[in-house]
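Below is one structure, written out as structure tokens; the observations come after it.
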Amino acid sequence: MRKFPAIEQLRHVVAAVNHRATYIGQDAEGNPVYDDSRCRPKLTFTGTVKLHGSNAGVEYNLKTGQLVPQSRERVLTVAEDNHGFARWTESLAGKEALVELGKAIVLCHRHEEPNLPRVLRDQDVSRYVAYGEWCGPDVNAKTAIGQLPERWVLFSVLMEYADGTEIWLDMHRFGALWSTRNLWSTGNAEGIDVITNFKTYGITIDFNKPAEILDVLEQFTLQVEDRCPVAAALGLEGMGEGIVWECRDPLYGHLKFKTKGLKHKGTRNSKLVDIAPEVLAGREAFTMAVLTESRLEQGLAELRQRVGKVTMDHVGEFLKWVGQDVIKEESDTLAASGLTRQDVMSTINRRAKDWLMPQLAQI
């Protein structure tokens, strides 16, 4: 299976852009050389609503006709499901909707063909992987989208060609095509939406002074948390999670970051969005900052996806997930605070286990 890439924080994007903008080559010993006086770019990002559901996808092999559902971490079956997603793909309604999805992906590829590199124009697509957020009452009923009937909201589609080349579809073009499917198909696509067909946001970040965009990011993100635009468009008022921001640039590549509301943040730092890692005063301060209710709940939800009912036998798996997530998301904060993984992991494990025990008693 092909996992969907992790989405970073703004501060990671700032660091990557700075690295690319200031790099001028290597010295005689092969070490990188940077010129910090070089100008940074201004880049435009488009934001789509970040839904608080569960990552779910389907991989379809166009040669064999095999369709395989997946979660973020594993292949799914009806017997080993992820909140009913595999069951939906096997249902009559799900099968009909997925047929329509396949038609739309092939049609969108044909529309994109003139813009593709010449080497790809005469090739067939061998497979595609469609990624989305699986939402509904059985997934996460805390946010508004989770109180609506089950639906799969697509946010990315990856196409693979016969020679192994991979292309990500332009989701704005795909969303426009999907919204007009009644013009080219009479099939039933109930249960599938495309995130770009809901409210979107636009910002331009001047990476010479990225702090100037923080207030705008916070304003947009808190608006979404206060009132989810996707749920509102579907007829229900309530809480959302945040925004995913994306930019595709010929020089700087595919840049992506997420901003979450106060109730969904993975850390307890004072700012909603940062352009640099926070410096924390020791292991206790670091542990308190990164072990938020949101992160711990996410870890428990991820574990439930894999094993079903969580018991004492799964404590080690939970602690492993929490530790890996902290290092993945906060390694720069750890380094900026003068700490190492060894300095903090025992404290993180102890606090995470203390949080988990009462949860297990309620299961």
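The values are calculated or read from the model by the stated rules, or taken from the named source; none is laboratory data. Since the structure is predicted, the reported quantities are computational estimates derived from the model, not experimental observations. Methodologically, a virtual Cβ is constructed for each residue, glycine included, from the backbone with ideal geometry; neighbour enumeration extends over all protein chains shown.
Per-structure values
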{"item": "Enumeration of residues in region 284-329 that are over 30 Å from Gln70 (Cβ atoms), under 25 Å from the mean Cα position of the chain (by Cα) and among the small types (Gly, Ala, Ser)", "result": "Ala289"}
{"item": "Matching entry among Asp332, Asp274 (being assigned to a loop (DSSP other than H, G, I, E, B) and either closer than 29 Å to Val75 by Cβ or under 21 Å from the mean Cα position of the chain (by Cα) (or both))", "result": "Asp274"}
{"item": "First in region 243-254 and of a type in the set (Lys, Arg), second anywhere and surrounded by fewer than 17 Cβ atoms within 10 Å (Cβ to Cβ) and part of a strand (DSSP E or B), Cβ under 6 Å, 6 or more apart", "result": "Arg248/His254"}
{"item": "Residue list for region 282-317, restricted to those being over 15 Å from Met345 (Cβ atoms) and outside any helix (DSSP H, G or I)", "result": "Thr292, Gly308, Lys309, Val310, Thr311"}
{"item": "Residue that is modelled with the lowest pLDDT, among those in region 159-205 that are within 18 Å of Ile145 (Cβ to Cβ) and surrounded by fewer than 17 Cβ atoms within 10 Å (Cβ to Cβ)", "result": "Glu190"}
{"item": "Breaking point among (1) surrounded by 19 or more Cβ atoms within 10 Å (Cβ to Cβ); (2) over 22 Å from Ala56 (Cα atoms), for Asn208", "result": "(1)"}
{"item": "Evaluation of Arg38 against (1) at pLDDT below 95; (2) surrounded by fewer than 19 Cβ atoms within 10 Å (Cβ to Cβ) (one fails), failing number", "result": "(1)"}
{"item": "Of all residues in region 1-14 being buried (at least 16 other Cβ atoms within 10 Å of the Cβ) and either of a type outside the set (Asp, Glu) or not assigned by the TED database to the domain that holds Arg40 (or both), the one that is nearest to Glu59 (Cα to Cα)", "result": "Phe4"}
{"item": "Single residue of Leu251, Leu272, Leu319 found to be closer than 24 Å to Ser156 by Cβ and among the hydrophobic types (A, V, I, L, M, F, W, C)", "result": "Leu251"}
{"item": "Single unsatisfied condition, Ala104 versus (1) surrounded by 22 or more Cβ atoms within 10 Å (Cβ to Cβ); (2) assigned to a helix (DSSP H, G or I); (3) without any contact (Cβ under 8 Å) to a residue 24 or more places away in the chain", "result": "(3)"}
{"item": "Selection count where residues are part of a helix (DSSP H, G or I) and touching a residue at least 24 places away in the same chain (Cβ under 8 Å), scope region 335-363", "result": "14"}
{"item": "Any chance Lys63 is surrounded by fewer than 18 Cβ atoms within 10 Å (Cβ to Cβ) and either of a type in the set (A, V, I, L, M, F, W, C) or modelled with pLDDT under 95 (or both)", "result": "yes"}
{"item": "Residue under evaluation Val230, criteria (1) touching a His at 6+ places or on another chain (Cβ under 9 Å); (2) farther than 26 Å from Ile275 by Cβ; (3) crowded, with 17+ Cβ neighbours inside 10 Å, criterion not met", "result": "(1)"}
